[in-house]
Amino acid sequence: QRCVVLRFLKSPPNQNKTSEEILHHLQNIVDFGKHVMKQFFGENYVHHGEIIQLPLDFIRQLCLKIQPERPECRCDKDMDTLSGYAMCLPNLTRPQSYRLAEHRPILCIEIKPKCGFIPFSSHVSQEIKHKVCRYCMHQHLKVANGKWKRPSKYCPLDLFSGNKQRMHFALKSLLQEAQNNLKIFKNGELIYGCKDDQDCVSDWNELARHLKPFFFPSNGLVSGPHCTRTIVKELIQVITMTLLSSTDTCRAGDMKTVPVSQGRSYCEASAFNKELLRNGKHKLESSGLPRGCLLYKTLQAQMLDMLDIEGLYPLYSRVEQYLEEFPEERSTLQIDGPYNEAFYEKLLDLSTEDDGTVAFALTKVQQYRIAMTAKDCSIMIALSPCLQDECSEQRSVVLASKSRFTFSVSVLDLDLKPYESIPHQYKLDGEIVNYYLKNVQAKDDPVMSNLFKENEDCTLVLHKV
């Protein structure tokens, strides 16, 4: 009746937590959204929700009803049916700014943008990490491990560039190979996106059929591939405009920010970049993002990872060593919460000069956890068609060729990444880089190989220096 989302904790079958532990865990999630992520992303973008208690009988019935709908890969964990606690959140597949008439159709695009910068830390041991982004490298390992059938052409640096041409290319690549990173909902129902972890064959014609009433309500377009391409182009254009829009003011705007210019603004493995090189152009335009837009704020939070996992891991080990000696200090250091104003204030220290203390190490570890959270968040763009006279100044409006939409942009999946996951991240980083160097870069350096293809017969002359 209220169009809300209920969120329940899940845990492995043999790991039963008490009701108090579950309540505490949920409270931490709410507090973290409210006191920390709201400061980074802004009031309008973050919806932290509230904790509610429900009758156990209702939860058990609900659990039985949804079990067949759960993807197989998620069924290794059980939904909590014993504590009675859940989180109640707004349904972000609908615009948040105002009450909608029930009959109004709603389109929602969910994007997981991933990490939008290349490490600039001097702690990075492999030069390739300064040239190719983690997402593009990880794609090859995922394909090798059978998670995906083919690598995506999407590169997060193109989306975060602020350059419309690059952003359009990134969004088109996401639509071609959605993987886990793009879903489209119509009236709350999933109509496009990866339904299983194995195959993601994009059916643009089916998508265009769903989208046509939104973008071309008068039905003036003929059907066929040209029509499909036009509709997809309209969708990409509207997504780009909403991502670059600014609908919020927040303290993040006044925060000392990590200079984006510290890293390079493009990834050598990006398909867009390779296309430019093939056409003899060498300069990738990066227009930069408007300060108020959600992508800018997401990137700023991501760039709290100033040392890279290679520079961070020794600091994590320092904290671990301290906790082994003084285990009772764990709560004083706020590793597991509470996530309050004091926790947020400590995150604002952007110094990278290591003074050898546990306090410095802990600040960097906590900043890294925030950055990891921002690298894995989802952006929800909800669109609803509106008539010209309905679009008042209070609402955010975006124009397409033949229609106009009110929209809202929100961010979700903002649970703080676990402190315990840092060793896993360190190990995974090594695996990703080593696989890429051994299997991809070694046999696929298209720029170099093209230079030598024209004249295979080369002589190398050495001069004494």
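The values are calculated or read from the model by the stated rules, or taken from the named source; none is laboratory data. Keep in mind the model is a prediction, meaning the values are calculated, not measured. With ideal geometry, Cβ positions are generated from the backbone for all residues, glycine too; neighbour counts draw on all protein chains shown. Heads up: the accessible areas ignore ligands, DNA and RNA and are worked out on the full protein's heavy atoms, side chains in. Shrake-Rupley method; radii C 1.70, N 1.55, O 1.52, S 1.80 Å.
For the structure I just gave you, tell me whether residue 337 is surrounded by fewer than 14 Cβ atoms within 10 Å (Cβ to Cβ) and either on the phi > 0 side of the Ramachandran plot or in contact with a Leu (Cβ under 8 Å, 6 or more places away or on another chain) (or both). In short, no.
Among residues that are open to solvent by 70 Å² or more (accessible area, probe 1.4 Å), among the basic types (Lys, Arg) and closer than 22 Å to residue 418 by Cβ, residue 94 is not included. Need the failing condition index for residue 126 against (1) of a type outside the set (A, V, I, L, M, F, W, C); (2) open to solvent by 20 Å² or more (accessible area, probe 1.4 Å); (3) not assigned by the TED database to the domain that holds residue 315, just the number. The single condition residue 126 does not satisfy is (3). Just to be sure, is residue 361 closer than 14 Å to residue 413 by Cα, assigned by the TED database to the domain that holds residue 327 and of a type outside the set (D, E, K, R)? Spelling it out, it is not the case that residue 361 is closer than 14 Å to residue 413 by Cα, assigned by the TED database to the domain that holds residue 327 and of a type outside the set (D, E, K, R).
Can you list residue pairs whose Cβ atoms sit under 7 Å apart, with the first residue in the stretch 72-95 being farther than 24 Å from residue 183 by Cβ and the second being part of a loop (DSSP other than H, G, I, E, B)? Count only pairs 6 or more apart in sequence or on different chains. Qualifying pairs under 7 Å: 78/13; 80/8; 80/9; 84/54. In summary, residue 24 fulfils each of the numbered conditions (1) out of contact with any helix residue (DSSP H, G or I) (no Cβ under 7 Å at 6 or more places or on another chain); (2) buried (at least 21 other Cβ atoms within 10 Å of the Cβ) with the single exception of condition (2).
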